[in-house]
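Novice: Shown below is the structure under consideration.
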Amino acid sequence: MNVDMKLFEMINQFAGKNDLLDQLVIYFSKYGVIAFCLVFVWLWFTKRGDQFNNRQLVLFALTIAIFTIGINKILELSFFRERPFVAHDVNLLSDKTADDPSFPSNHAGGSFALAFAMFWRYRKPGTIFIGFAILMALSRLFLGVHYPTDVFVGMLIALIVAAIVTSQKAFFEKLFTPIIRLYEKMIQSVMKR
C-alpha cells in the first residue's frame, strides 16, 4: 500500500463512526466554500476599513480562484484519476459519481486560493482562512472522495497561482482600478435617483 492510500485511510477511518461528526463534516465540505465567498462579498460591500483596498482584495481573490480552478479543470481533463471509493473499500459519505475525477481537488484548490489571497493582504484573518482551507482538504479525505495528493496538488496550484498573481500586483491593480471606479460610479448614479 502506498503512502497516499495510508494517509487517506488514517483520516477516512473515522467516517461513519459518529453521526454528529459525519453531518458536521458533510455540511462543512458542502457549504464551507460558500462561507469563504460570503466573507469576500461582505468585504466588497462593507464600509469598514479602506473600501477601495477591500474591493481590490476581492478582485485579487476572484482572479486567483478562477485561475486555480481553471488549471484544475485542465488537469482533470488531462489526467483522469478515479475517486478512492471506485478502487477501494472506503467509508463513503458523499454522492459523488465514479465518472467525476478525483485529481486535483477543486474544493481544496478553491479554498486555498481564497485563503492565500486573504493571507497576502491581511495576515491574521488569512491565517484563520488557511486553517479552514486545511479543514476543507481533510474533510474531502474524511468523506472518501479524494486522496491526499488530490488535495495537496489543489493547494499547491492555489499557492503557485497566488504567488504569480500577487507578484504582478501593479499589473492587476491597473486592471482592477477601472472596474472598481465603474462600480462606484454606477452606485452613485443609482443613489442619486
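Novice: Please work out which residue is nearest to Lys17 (Cα to Cα), limiting yourself to region 74-84 and to residues that are open to solvent by 40 Å² or more (accessible area, probe 1.4 Å) and at pLDDT below 95.
Specialist: Going through the qualifying residues, I end up with Glu82.
Novice: Additional query: I'm checking my understanding of the structure. Among residues of region 16-71 that are exposed (fewer than 11 other Cβ atoms within 10 Å of the Cβ) and basic (Lys, Arg), which one is nearest to Ile134 (Cα to Cα)?
Specialist: Lys17
Novice: Still on this structure, please answer the following. Does Val41 meet the test of being without any contact (Cβ under 8 Å) to a residue 40 or more places away in the chain and closer than 28 Å to Leu182 by Cβ?
Specialist: yes
Novice: Having 3 or more residues that are surrounded by fewer than 22 Cβ atoms within 10 Å (Cβ to Cβ) and of a type in the set (A, V, I, L, M) is the bar; report the helices (runs of 4 or more DSSP H) wholly within region 101-184 that clear it.
Specialist: Correct list: 123-142, 148-167.
Novice: While we're on this one: Exactly one of (1) of a type outside the set (Ser, Thr, Tyr); (2) modelled with pLDDT under 95; (3) in contact with a Cys (Cβ under 9 Å, 6 or more places away or on another chain) is unmet by Met186. Its number?
Specialist: (3)
Novice: On the given criteria, is Lys30 of a type in the set (Lys, Arg) and assigned to a helix (DSSP H, G or I)?
Specialist: Considered against the rule, which asks whether it is of a type in the set (Lys, Arg) and assigned to a helix (DSSP H, G or I), Lys30 comes out as yes.
Novice: Which condition does Ala98 not pass, out of (1) in a helix (DSSP H, G or I); (2) open to solvent by less than 60 Å² (accessible area, probe 1.4 Å); (3) over 25 Å from Asn18 (Cα atoms), if it passes all the others?
Specialist: It is condition (1) that Ala98 fails.
Novice: Something else about it: Taking region 39-69 only, how many residues are within 21 Å of the chain's Cα centre (by Cα) and at positive phi?
Specialist: 0
Novice: Need the failing condition index for His88 against (1) touching a residue at least 24 places away in the same chain (Cβ under 8 Å); (2) under 15 Å from the mean Cα position of the chain (by Cα); (3) more than 15 Å from Asp150 (Cα to Cα), just the number.
Specialist: (2)
The values are calculated or read from the model by the stated rules, or taken from the named source; none is laboratory data. Computed from a predicted structure; not experimentally measured. Cβ coordinates were reconstructed from backbone atoms using ideal geometry, including for glycine residues, and neighbour counts include every protein chain displayed. Ligands, DNA and RNA are stripped out before the accessible areas are found, and what is left, the full protein with its side chains, is counted by its heavy atoms. Shrake-Rupley method; radii C 1.70, N 1.55, O 1.52, S 1.80 Å.
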